[in-house]
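Participant: For reference, the structure I am asking about is given below.
Nothing in this text is a laboratory measurement; each read-out follows from the coordinates by a stated rule. As the structure is a prediction and not an experimental result, all values here were calculated from the model. Ideal geometry is used to build each Cβ from the backbone, glycine not excepted, and the neighbour counts take in all protein chains shown.
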Amino acid sequence: MQRVGVVGVGRVGQACAFALVLRRSCRELALVDRTRERAVGVATDMRYGAPLSAPFDLSAGGYEELAGADVVLITAGVNEKSGGATNRDDPRGRLVLLEPNAEVYRDVVPQVVAAAPDAVLVVVTDPPDPLADLTRMLAGHDRVLSTGTVIDTLRFRVHVAAHLGVHPSAVEGLVVGEHGTSQVMLWSSLRVMGSPLEQALEQCDPGRSLADLREEVEREVRYANIAIIEGNDASQYGIGAVCARIAEAVLRDERAVLPVAAYRERYGIHIGLPAVLGREGVRAGLEPTMSDDERAAFERSVETLREAARGIGAAA
């Protein structure tokens with residue numbers, strides 16, 4: 001049936017819904033919001049542009065609209081700007097939002113599961129990784145994942161590509177760990193169509209030091225969300241496209257590999273690492289090779305998320 005639900009029709013929820021329509025990701029789309037009128041209003045607005053896209057059914061209202069959903073994207077909660085998560089000097093980053101959004105999820109998730117018991121649940125709200133731990137506990141099943149470091153990985157590739165003057169598709173790079181300030185960029189395995197970064201830099205930007213490039217890219221990627229919010233109040237379009245892509249991989253049982261955050265028994269939490277996506281959510285988890293420094297940084301990111309999950313009673 002390929003039915004997708006979006007719960008929480010704020011700026012991120014709207015961007016997710018619009019990306020699903022533009023990418024022709026699904027055949028049925030249901031919008032749910034605590035303010036029913038907003039869900040209906042957004043659906044009405046989208047419906048007027050729908051004739052220019054592939055045919056699909058669009059509904060809006062309360063949780064009953066989620067009946068039969070294959071995938072539910074949960075975007076409800078306090079966003080970064082209103083929640084005060086835009087201070088570059090605060091090492092907690094998005095984790096500032098955990099307590100208020102955990103309360104939202106304790107209310108939302110049981111209602112989602114009651115309406116769509118067989119759906120794969122994708123946590124989008126910040127901070128997504130510990131909220132995925134909470135969602136898994138509340139849902140009582142393992143068909144739960146968060147957007148993880150998919151958007152961070154795309155940002156990484158985009159910024160490296162911009163500095164080298166190449167298309168982002170040429171950059172093979174990966175960000176793992178937290179979708180937040182403790183994320184880890186895997187420089188040791190980064191390639192530009194097979195060429196190591198140092199070699200590509202010598203050929204594309206002679207005279208530029210690798211250390212300077214790394215420092216600038218790390219800053220651009222780690223605080224990309226804050227830079228966006230300072231200009232436009234909310235980071236929404238990139239993550240909207242990411243959510244549509246994740247939904248597609250699940251709906252079509254693609255076995256696509258994306259760095260979502262799935263529950264990893266080894267770490268006892270949801271953490272951003274490459275995973276194989278299919279109809280039941282995550283089919284298998286992969287773990288990339290890391291340098292000693294990257295592995296140490298990744299373990300610190302794991303501990304950061306583990307402590308966060310413990311703080312809301314979602315991890316041992």
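Participant: How big, in percent, is the set of alpha carbon pairs in region 36-180 lying more than 21 Å apart? Working shown, then result.
Facilitator: Working: 5935 of 10440 pairs.
Distances greater than 21 Å cover 57 percent of the Cα pairs.
Participant: Please determine, in degrees from 0 to 90 and to the nearest 10, the orientation of helix 150-164 with respect to the longest principal axis defined by the Cα atoms of the chain, where the helix direction is its Cα long axis.
Facilitator: Tilt of helix 150-164: around 40 degrees.
Participant: Next question. How do 301-312, 195-206, 236-247 rank on mean C-beta neighbours within 10 Å, highest first? List each step's numbers first, then the result.
Facilitator: On the way: 301-312: 19.9, 195-206: 14.5, 236-247: 23.2.
Ranked from most to least packed, the peptides come out as 236-247, 301-312, 195-206.
Participant: Lone cysteines in the chain, going by a 4.7 Å Cβ-Cβ cut-off?
Facilitator: That list is Cys26, Cys204.
Participant: I would also like to ask the following. By how many degrees, between 0 and 90 and to the nearest 10, does the Cα long axis of helix 237-251 differ from the longest principal axis of the chain?
Facilitator: The two axes meet at around 70 degrees.
Participant: Still on this structure: State, as an integer percentage, the relative contact order of region 129-258 based on alpha-carbon contacts under 8 Å between residues 6 or more apart.
Facilitator: Values: 121 pairs, mean separation 26.6, N = 130.
Relative contact order of region 129-258: 20 percent.
Participant: Could you check which residue among Gly278, Gly77, Gly207 shows the biggest mean-square fluctuation in a GNM of the chain with a 10 Å Cα cutoff?
Facilitator: Gly207
Participant: Then there is this: To make sure I understand, if each residue's beta carbon is the centre and we count other beta carbons within 10 Å, what order do Tyr48, Tyr105, Tyr267, Tyr63 fall in, fewest to most?
Facilitator: Numbers: Tyr48 8, Tyr105 25, Tyr267 17, Tyr63 20.
Neighbour counts put them in this order, fewest first: Tyr48, Tyr267, Tyr63, Tyr105.
Participant: Relative contact order (percent) for the chain, with alpha-carbon contacts under 8 angstrom and 6 or more residues of separation? Kindly include the intermediate steps, with their values, before the conclusion.
Facilitator: Values: 648 pairs, mean separation 60.6, N = 316.
Computed over the chain, the figure is 19 percent.
Participant: Ok, one more. By count of other Cβ within 10 Å, fewest leading, how are Arg3, Arg295 ordered?
Facilitator: Working: Arg3 23, Arg295 13.
Ranked by crowding around the Cβ, least crowded first: Arg295, Arg3.
Participant: Now for a separate question. When only C-alpha pairs under 8 Å and at least 6 residues apart count, what is the relative contact order of region 63-192, in percent?
Facilitator: Details: 205 pairs, mean separation 28.5, N = 130.
Rounded, it is 22 percent for region 63-192.
Participant: Quick one: Val144, Val175, fewest Cβ neighbours within 10 Å first, how do they rank? The partial results should precede the final answer.
Facilitator: Numbers: Val144 28, Val175 24.
The fewest-first ordering by Cβ neighbours comes to Val175, Val144.
Participant: Mind checking the angle between helix 292-311 and the chain's longest principal axis? C-alpha axes, 0 to 90 degrees, to the nearest 10.
Facilitator: 30
Participant: Another question, then. If I stretch the segment between Glu254 and Ala170 completely, what's the gain in nm (0.36 nm per residue apart, minus their alpha carbon distance), one decimal? Intermediate values should be presented prior to the final figure.
Facilitator: Numbers: separation 84, 0.36 × 84 = 30.24 nm, distance 2.23 nm.
Value of the extension gain: 28.0 nm.
Participant: Another question about this same structure. Classify region 32-75 as rounded, prolate or oblate, taking a ≥ b ≥ c as the square roots of the eigenvalues of its Cα gyration tensor: rounded when a/c is under 1.5, otherwise prolate if a/b is larger than b/c and oblate if not.
Facilitator: Details: a/c = 2.26, a/b = 1.30, b/c = 1.74.
The shape class here is oblate.
Participant: How many nm is it between the label spots at Asp57 and Gln199, if each spot is 7 Å from the Cα in line with the beta carbon?
Facilitator: 5.4
Participant: Could you sort the peptides 219-232, 125-138 by per-residue average Cβ neighbour count (10 Å cutoff), highest mean leading?
Facilitator: Numbers: 219-232: 16.3, 125-138: 26.7.
Output ranking for 219-232, 125-138: 125-138, 219-232.
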